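Visitor: Below is a structure I'd like to ask you about.
The values are calculated or read from the model by the stated rules, or taken from the named source; none is laboratory data. Keep in mind that what you see is a predicted model, and the values were worked out from it rather than measured. Positions of Cβ are backbone-derived with ideal geometry, glycine not excepted, and every protein chain shown enters the neighbour counts.
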């Protein structure tokens, strides 16, 4: 019997993307990760052995390439033109889920470390201060966790231990509150006004902090979906 899987373009594309983890690995590339450990941090539910398998798969399919590091020790992964072109496909997955599976999305199902890592990847480097700034994040619930973002000349690092530097800005909030802002269910200014986020530091830094973050790549779609839901709930019932 003929093998029609090689005839159908959808089937061929599925051979590249059609498993649980590959689209998520690609998502990490589109967010700027290029090294194994960085990819792993953005995929906390994925074992390192499976990540290795998926990277080899994407390399075989011509989606990514391995490049030696300038130091000569180790390497990083880079998207090929074919891989970069998949960004519109992966984004379409997320847009479709927001449109049709919105009630199944659980913005609170993220831990403090993973959320902080995602926030770090989605910072607007053009808006960051030129001087070194230490942003301390006190996650108050469901677990108390303190993390730091050290901004230094356009580079941002996540520190799980005290960086040995004085804190310039202190942000206190529950992890779910920060997750809602990141995903677009809430806005920074509203959360601060309502006391869900507390921020302390010099006035110019306090006012600048929300401009440092781009939030989720799908934040606009989430806000638009919520606006449509709220508008619908305000419409008068039919007589």
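Results for (1) without any contact (Cβ under 8 Å) to a residue 12 or more places away in the chain; (2) part of a loop (DSSP other than H, G, I, E, B); (3) over 19 Å from residue 215 (Cβ atoms), shown as yes or no for each residue.
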residue: 117; (1), (2), (3): no, no, no
residue: 126; (1), (2), (3): yes, no, no
residue: 130; (1), (2), (3): no, yes, yes
residue: 138; (1), (2), (3): no, no, yes
residue: 141; (1), (2), (3): no, yes, yes
residue: 156; (1), (2), (3): no, no, no
residue: 162; (1), (2), (3): no, yes, yes
residue: 170; (1), (2), (3): no, no, yes
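Visitor: Could we say that residue 97 is without any contact (Cβ under 8 Å) to a residue 24 or more places away in the chain, in the same structural domain as residue 64 (by TED's automatic domain parsing), in contact with a helix residue (DSSP H, G or I) (Cβ under 9 Å, 6 or more places away or on another chain) and over 30 Å from residue 167 (Cβ atoms) here? Give the steps one after another, and end with the answer.
Guide: Numbers: without any contact (Cβ under 8 Å) to a residue 24 or more places away in the chain: yes; in the same structural domain as residue 64 (by TED's automatic domain parsing): yes; in contact with a helix residue (DSSP H, G or I) (Cβ under 9 Å, 6 or more places away or on another chain): yes; over 30 Å from residue 167 (Cβ atoms): yes.
Against the criterion (without any contact (Cβ under 8 Å) to a residue 24 or more places away in the chain, in the same structural domain as residue 64 (by TED's automatic domain parsing), in contact with a helix residue (DSSP H, G or I) (Cβ under 9 Å, 6 or more places away or on another chain) and over 30 Å from residue 167 (Cβ atoms)), residue 97 qualifies.
Visitor: For the stretch 128-156, which residues satisfy the criterion of being under 20 Å from residue 42 (Cβ atoms) and at pLDDT below 95?
Guide: Matches in the stretch 128-156: 155 only.
Visitor: Is it true that residue 228 is under 29 Å from residue 99 (Cβ atoms), out of contact with any strand residue (DSSP E or B) (no Cβ under 6 Å at 6 or more places or on another chain), exposed (fewer than 15 other Cβ atoms within 10 Å of the Cβ) and touching a residue at least 60 places away in the same chain (Cβ under 8 Å)? Write out each step before concluding.
Guide: On the way: under 29 Å from residue 99 (Cβ atoms): yes; out of contact with any strand residue (DSSP E or B) (no Cβ under 6 Å at 6 or more places or on another chain): yes; exposed (fewer than 15 other Cβ atoms within 10 Å of the Cβ): yes; touching a residue at least 60 places away in the same chain (Cβ under 8 Å): no.
No: the conditions fail for residue 228.
Visitor: Another question, if that's okay. Out of 114, 175, which single residue is touching a strand residue (DSSP E or B) at 6+ places or on another chain (Cβ under 9 Å) and modelled with pLDDT of 95 or more?
Guide: On the way: 114 fails: touching a strand residue (DSSP E or B) at 6+ places or on another chain (Cβ under 9 Å).
Of 114, 175, the one residue that is touching a strand residue (DSSP E or B) at 6+ places or on another chain (Cβ under 9 Å) and modelled with pLDDT of 95 or more is 175.
Visitor: Being loosely packed, with under 15 Cβ neighbours inside 10 Å, over 20 Å from residue 22 (Cα atoms), in the same structural domain as residue 178 (by TED's automatic domain parsing) and over 19 Å from the mean Cα position of the chain (by Cα) narrows it down to one of 126, 130, so name that one.
Guide: Going through 126, 130 in turn, just one is loosely packed, with under 15 Cβ neighbours inside 10 Å, over 20 Å from residue 22 (Cα atoms), in the same structural domain as residue 178 (by TED's automatic domain parsing) and over 19 Å from the mean Cα position of the chain (by Cα): 130.
Visitor: Please return the ranges of helices (runs of 4 or more DSSP H) entirely within the stretch 1-108 where 1 or more residues are modelled with pLDDT of 95 or more. Can you show your working first?
Guide: Values: elements: 9-17, 22-30, 36-41, 48-60, 81-84, 87-100.
Qualifying helices (runs of 4 or more DSSP H): 22-30, 36-41, 48-60, 81-84, 87-100.
Visitor: Another question, then. For the list (1) free of Cβ contacts under 8 Å to residues at least 60 places away in the same chain; (2) within 29 Å of residue 227 (Cβ to Cβ); (3) crowded, with 16+ Cβ neighbours inside 10 Å, I need the number of the one condition that residue 25 fails.
Guide: Here residue 25 clears every test but (2).
Visitor: A further question follows. Please determine, by comparing only the residues of the stretch 215-232 that are farther than 14 Å from residue 93 by Cα and not in a helix (DSSP H, G or I), which one is farthest from the chain's Cα centre (by Cα).
Guide: 215
Visitor: Evaluate the following for residue 69: is it crowded, with 17+ Cβ neighbours inside 10 Å and assigned by TED's automatic domain parsing to the domain that holds residue 12?
Guide: Criteria not met by residue 69.
Visitor: Among the residues of the stretch 184-200, is any under 22 Å from residue 33 (Cβ atoms) and either out of contact with any strand residue (DSSP E or B) (no Cβ under 9 Å at 6 or more places or on another chain) or in a helix (DSSP H, G or I) (or both)?
Guide: Yes, there is a match, as at least one residue in the stretch 184-200 is under 22 Å from residue 33 (Cβ atoms) and either out of contact with any strand residue (DSSP E or B) (no Cβ under 9 Å at 6 or more places or on another chain) or in a helix (DSSP H, G or I) (or both).
Visitor: A further question on this structure: Considering every residue within the stretch 51-58, establish whether at least one is surrounded by fewer than 16 Cβ atoms within 10 Å (Cβ to Cβ) and under 26 Å from residue 158 (Cα atoms).
Guide: For the stretch 51-58, residues surrounded by fewer than 16 Cβ atoms within 10 Å (Cβ to Cβ) and under 26 Å from residue 158 (Cα atoms): present.
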